[in-house]
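J.: To start, I am sharing the structure in question, which I have written as structure tokens.
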């Protein structure tokens, strides 16, 4: 088949490579001047630091097949995401763990002592079936830890009160009663030595793949294609005829400095009177490199406008109802496969994005045969 893929991010690149290896002729277009989507990395000409242009990405997975796939195209270096949090003028370790708990309460408890302390003196045991983010937090860790580390950060990140967000958001965040401060618990964790953009370029490097950058999608692009893969916004494919799905976007305040600015890759700022959510220092995402200068980003979250880059799908009640309507339209659209974070309106980790792209290859081929 002649297949058009809209979007040269992870979904489009992986699907393009898999379909090309199956003998299909692939055309990939992307409106940006680079591949890799929001995973795009590039060297800062001023400092030499490898910068995660749209915010940091750490690859983590338990899927051995996905791990083997990405290692075909890049040399991954071991990396552990150890986040810090500046709360009330003190620096703590995240995720909330035994060290965080002992430091916050000024104690030296063992794991079972800390678990019993939180349950007896902090957790709100009157909450039996948490429905919101706030209820889940109060039941899990209590008012003190919630107010210090979760409430303000959540308000800034999502732009709404935590009692309006679903409890499932917090269920993805770990709370540990040991001293493990590795944010992720997956078997395989790392970052490509030369960045994600070089990796995606290698994935797309195939004689059956033709890539066109700086090329926004227009209907004429699909005229010669026998099938289309759409990794752009789901509502955008239908020209927003039912309305726009809600997203949060990010603004970055970039600055450089001599030496080491904050001593870690990610510092959260959960205090409500600090306008940014976190500061990322990019040279710490490549600890195998040495640089005399440094590049940092202050991150600010806000509602996503029509011309902004969508980052996080909101998926509250109104968005879920609109999503169902768009999913119904997509199901009735022949010859198009919707994939990825934007094409399915879900927050997806990179490994899940790749897994779904690999699985979609077989579905496209089977649909064509049928």
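Where a number appears in this text, it was derived from the coordinates with a stated rule and is not lab data. The structure presented is a predicted model; accordingly, all values stated were derived computationally and were not measured. Heads up, the Cβs are rebuilt from the backbone with ideal geometry, glycines too, and the neighbour counts pull from every protein chain shown.
J.: On C-alpha positions alone, give me the angle between the axis of helix 317-331 and the longest principal axis of the chain, in degrees, nearest 10.
T.: Between the helix axis and the principal axis of the chain, the angle is about 20 degrees.
J.: Among 350, 1, 50, which comes first, then next, by fewest other beta-carbon atoms within 10 Å? Before the final figure, lay out the partial values.
T.: Numbers: 350 20, 1 14, 50 24.
Going from least to most buried by this count: 1, 350, 50.
J.: What FRET efficiency comes out for the pair residue 116/residue 252, r = Cβ-Cβ distance, R0 = 35 Å, nearest 0.05?
T.: Plugging the Cβ-Cβ distance into 1/(1 + (r/R0)^6) gives 0.25.
J.: Need one number: nm distance between label points at residue 212 and residue 147, each 7 Å from Cα along Cα→Cβ, rounded to one decimal.
T.: According to this spin-label approximation, the distance is 5.8 nm.
J.: Calculated FRET efficiency, residue 273 and residue 31, Cβ-Cβ r, R0 30 Å, to nearest 0.05?
T.: 0.20
J.: Give me the percent relative contact order of the chain, please, defined on Cα pairs under 8 angstrom at least 6 residues apart. The partial results should precede the final answer.
T.: Values: 701 pairs, mean separation 98.3, N = 370.
For the chain, the relative contact order is 27 percent.
J.: While we're here: For a Förster distance of 35 Å, can you work out the FRET efficiency between the beta-carbons of residue 64 and residue 312, rounded to the nearest 0.05?
T.: 0.80
J.: Here's something else I'd like to know. To make sure I understand, if each residue's beta carbon is the centre and we count other beta carbons within 10 Å, what order do 85, 11, 132 fall in, fewest to most?
T.: So the ranking, lowest neighbour count to highest, is 132, 85, 11.
J.: Distance from a point 7 Å along Cα→Cβ of residue 321 to each backbone N in region 131-166: keep the residues under 18 Å and list them by number.
T.: Residues passing the 18 Å test: 164-166.
J.: What angle do you read, to the nearest 10 degrees and between 0 and 90, between the alpha-carbon axis of helix 350-369 and the longest principal axis of the chain?
T.: Its long axis makes an angle of about 30 degrees.
J.: Give me the angle, in degrees from 0 to 90, between the Cα long axis of helix 10-21 and the longest principal axis of the Cα atoms of the chain, rounded to the nearest 10.
T.: With rounding to tens, the tilt is 40 degrees.
J.: Label point 7 Å out from residue 46 along Cα-to-Cβ: which residues of region 177-204 have amide N under 11 Å?
T.: none
J.: Out of [x] 5, 23, 33, 26, 11, 2, 0; [y] 5, 21, 30, 26, 14, 4, 0; [z] 5, 21, 30, 22, 10, 5, 4, 2, 1, 0, 0, which label holds the value of P(r) over Cα pairs in 10 Å bins from 0, in percent that was computed here?
T.: [y]
J.: Taking only DSSP H segments of four or more residues, each worth -39500 (n - 2.57), what value at 222 nm results for the chain once the sum is divided by all its residues, to the nearest 500 deg cm²/dmol?
T.: Using -39500 (n - 2.57) per qualifying helix, the result is -8000 deg cm²/dmol.
J.: How much length would be gained if the chain were fully extended between residue 291 and residue 168, taking 0.36 nm per residue of separation minus their Cα-Cα distance, in nm to one decimal?
T.: Separation in residues times 0.36 nm, less the Cα-Cα distance, equals 40.3 nm.
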